[in-house]
1. Could you sort 108-120, 8-20 so that the peptide with the highest average Cβ count within 10 Å comes first and the rest follow in order?
2. Please work out the average accessible area per residue across the range 141-274, using the 1.4 Å probe convention, and give it in Å².
3. Compute the relative contact order of the range 25-180 as a whole-number percentage, counting only Cα pairs closer than 8 Å that sit 6 or more residues apart in sequence.
4. Could I have the simple spin-label model distance between D142 and Q39, label points 7 Å from Cα toward Cβ, reported in nm to one decimal?
5. Cα-Cα over 30 Å: which of K27/K169; K27/K150; K150/K317?
6. Straight-line reach from K336: which lysines fall under 25 Å, measuring Cα to Cα and dropping same-chain residues less than 8 apart?
7. For the pair Q17/Q250, report the inter-label distance in nm, with labels modelled 7 Å from Cα in the Cβ direction.
8. Using all Cα-Cα distances in the range 106-196, what percent lands in each 10 angstrom bin from 0 up to the longest?
Amino acid sequence: MPPALVRRQEAIYELLQGEIELVEDLKLVLKVFHGPMKQLGLASEEEMHLIFGNLEEILDVHQTVVNRLQGIQNQIGVYDNIADVITEWIPKLSCYSAYCSNQIYAKEVLDRLSSKADVADFLERCRSSSFSRKLDLWSFLDCPRRRLPKYVLLMKNIIKMTVPTHPDKIALQGSIELLHSVLATVDKATGEAKCEKYKRRLVFLQEKHHTDEIQSATTMLCDGPLKNKNGTKLHGLLFDTVFLLTRQLQKENVHYQVYRQPIPVADILVEDLPEVRVGGSFKRTFSTTGSEISKNFFRVWEGDSPGYTLSVQTGTKKQWIDSILNAKKQLVSRRKVHRV
């Protein structure tokens, strides 16, 4: 077998093997966790739906592509023309819109149920067993979502290993655009679900904090833990229309108290702070090293206000800055369309 063909087969096998492993994990979840939990009455029908969502549909989509790919393997184990299988399969990944949107609540419901002794005992017995590889239920439930963005790289690798004269080449190149379209749809649905969840759980101490931009928000773009320059723990919420700093309140479900005046995305400015010397309560902000110089800071403000200097968890600063800049660009684009 020519080296080029070997490399292409290896790239296809990497995709297929990952699908086989994912299918095995999803079957395990349904057999070991879903079935017994339902049979034992450990959760209500609504709670079961919130935890597992449309997992059976997800399994069916991945089982189908496994079967199709294995079915076109020839007698010597070579996968030749796979483009038809791939281009038919990718649009079916849109079922992740429902699954990922549902996950916004799944972890919270699962954590609440886990506080019950009988549920905690069941889940721990499953986690400790050999068949679960010491992974808890949430690790299995989150596995499909974590794998979804990897398909672009997997497909690009297959394309790279496909010679220009191969009949699959053009069709597979088109599959990348299909994938990006599906991922954008999933991200949009997930962002909309997160937006509704957070908006319902906002708590306002001052009426002036309840702005029109919050009311008109439709998508959550980024969220996560932050700290201000005094070391106060905050939770940042970036919607498509507004940026909020909030404090988490522990009620039956977590709520978010708006901490300072919201900054409209239309007016927000952001600055990367490459190095900040810290000390006192600032010194240990998201740091375990005790270093006096931190690179985990950025600043947001509007107009002439001093704004807020914020520290982030290591590795998330670029995500925050990029998300804010992209939010501004998207808002400008939407306004141009409305004017037209």
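The values are calculated or read from the model by the stated rules, or taken from the named source; none is laboratory data. What you see is a predicted model, and the numbers here were worked out from it, not measured in a lab. Glycine gets a Cβ as well: all are built from the backbone with ideal geometry, and neighbour counts include every protein chain shown. Quick note on the areas: whole protein, heavy atoms, side chains included, nothing else; ligands and nucleic acids left out. Shrake-Rupley method; radii C 1.70, N 1.55, O 1.52, S 1.80 Å.
1. Descending mean neighbour count gives 8-20, 108-120.
2. Normalised by residue count, the accessible surface of the range 141-274 is 49 Å².
3. 28 percent
4. For D142 paired with Q39, the spin-label model returns 2.9 nm.
5. Listed pairs above 30 Å: K27/K169.
6. K188, K328
7. Label-label distance for Q17 and Q250, simple model: 4.4 nm.
8. 13, 28, 23, 22, 11, 3, 0
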